[in-house]
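Beneath this line is the structure, given in structure tokens, with notes to follow.
The values are calculated or read from the model by the stated rules, or taken from the named source; none is laboratory data. Since this is a predicted model, take the numbers as computed values, not measurements. Accessible surface is based on the protein model in full, side chains and every heavy atom, while ligands, DNA and RNA are left aside. Shrake-Rupley method; radii C 1.70, N 1.55, O 1.52, S 1.80 Å.
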Amino acid sequence: MLAIDKPEGWTSHDIVAVVRGVLGTKHVGHGGTLDPQATGLLPVLVGTATKFADRIHEATKVYDALVRFGTETATDDREGAVTREADVPSLAAGAIEPALDALRGVIMQIPPQYAALKVGGRTAYSRARGGETVALAARTVQVFRLDMIGISSPDLRLLVVCSSGTYVRSIARDLGRALGSAAHLASLRRLAVGALEARDALTPDQLRARGRAGTALLRPANEDLLTLDPRFLHVSAATIVGAGESS
């Protein structure tokens with residue numbers, strides 16, 4: 001397995017294509033899609049490690065998320081058309097904390113309309129793009145940590161530690177509604193997937209520069225990769241991102 005730092009504007013499949021070309025193998029996959037606008041850690045599986053994809057998908061994930069208040073969008077991120085506007089709420093910590101607390105723990109979450117989930121054999125996003133209004137059922141997810149990093153109205157920066165299947169876009173949407181406003185996800189960086197971390201990852205350009213020597217950076221795909229560093233649960237959110245992990 002290889003840890004790649006995905007740049008903004010790249011799809012997860014773009015990264016897979018680069019790894020295939022550099023390492024000279026067709027047997028490459030990834031361990032958890034990142035939307036094109038998101039940046040950060042993308043686990044890439046090479047060779048027989050592609051069989052480990054289902055396991056790495058289950059690993060706990062860590063995100064640095066920027067929530068922007070005032071507008072809700074069709075996609076629940078900055079790419080979608082604005083569907084609702086509202087006044088920016090008071091972004092005082094005392095007002096935000098109760099709303100955050102309601103989104104922590106084991107919760108029922110409705111995925112975004114534009115999601116990769118299959119509905120009647122087709123992805124929700126393909127149906128939404130075709131003009132359909134898709135009724136997605138709420139799903140059980142777990143948010144282990146949801147803490148403020150900083151406030152700069154109309155933006156709120158959050159550290160999110162969550163289970164597989166959690167949509168940070170939905171957290172942004174639901175937080176806006178909980179505060180009597182509207183919100184969407186303005187930016188997202190994935191800091192970790194299990195034991196794999198963005199601070200240890202290579203950019204596509206760095207991988208290209210190494211060429212076939214990049215195989216020396218491959219890590220065995222085993223259960224050890226599923227264990228998240230405890231600091232993501234216990235160290236202050238500001239310290240985590242201030243340590244250069246969200247640069």
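If you restrict to DSSP beta bridges whose two residues both lie in the chain, what percentage is antiparallel, to the nearest 5?
90
Leaving out ligands, DNA and RNA, and with a 1.4 Å probe, what % of the accessible surface on the chain is carbon or sulfur? If you can, show how the numbers build up before the last one.
On the way: 5690 of 11120 Å².
Here it works out to 51 percent.
What does the C-alpha gyration tensor say about the overall shape of region 181-221? Classify as rounded when a/c is under 1.5, otherwise prolate if a/b is larger than b/c, or oblate.
It is oblate, given that a/c is not under 1.5 and a/b is not larger than b/c.
Between region 164-240 and region 1-30, what is the C-alpha centre distance in whole Å?
If we compute the Cα centre of each part, the gap is 16 Å.
For region 28-76, report the convex hull volume of the alpha-carbon atoms normalised per residue, in Å³, without decimals.
Taking the convex hull of the Cα positions in region 28-76, it is 100 Å³ per residue.
If the convex hull of the alpha-carbon atoms of the chain is projected onto planes in all directions, what is the mean projected area in square nanometres?
Average projection, Cα convex hull of the chain: 13.3 nm².
Enumerate the calculated ³J(HN,Hα) couplings along region 214-230 in order (Karplus 6.51 cos²θ - 1.76 cosθ + 1.60, θ = phi - 60°), each rounded to whole Hz, writing x wherever the residue is Gly or Pro.
Along region 214-230, the couplings run x, 5, 5, 8, 5, 10, x, 7, 8, 4, 4, 6, 8, 8, 6, 4, x Hz.
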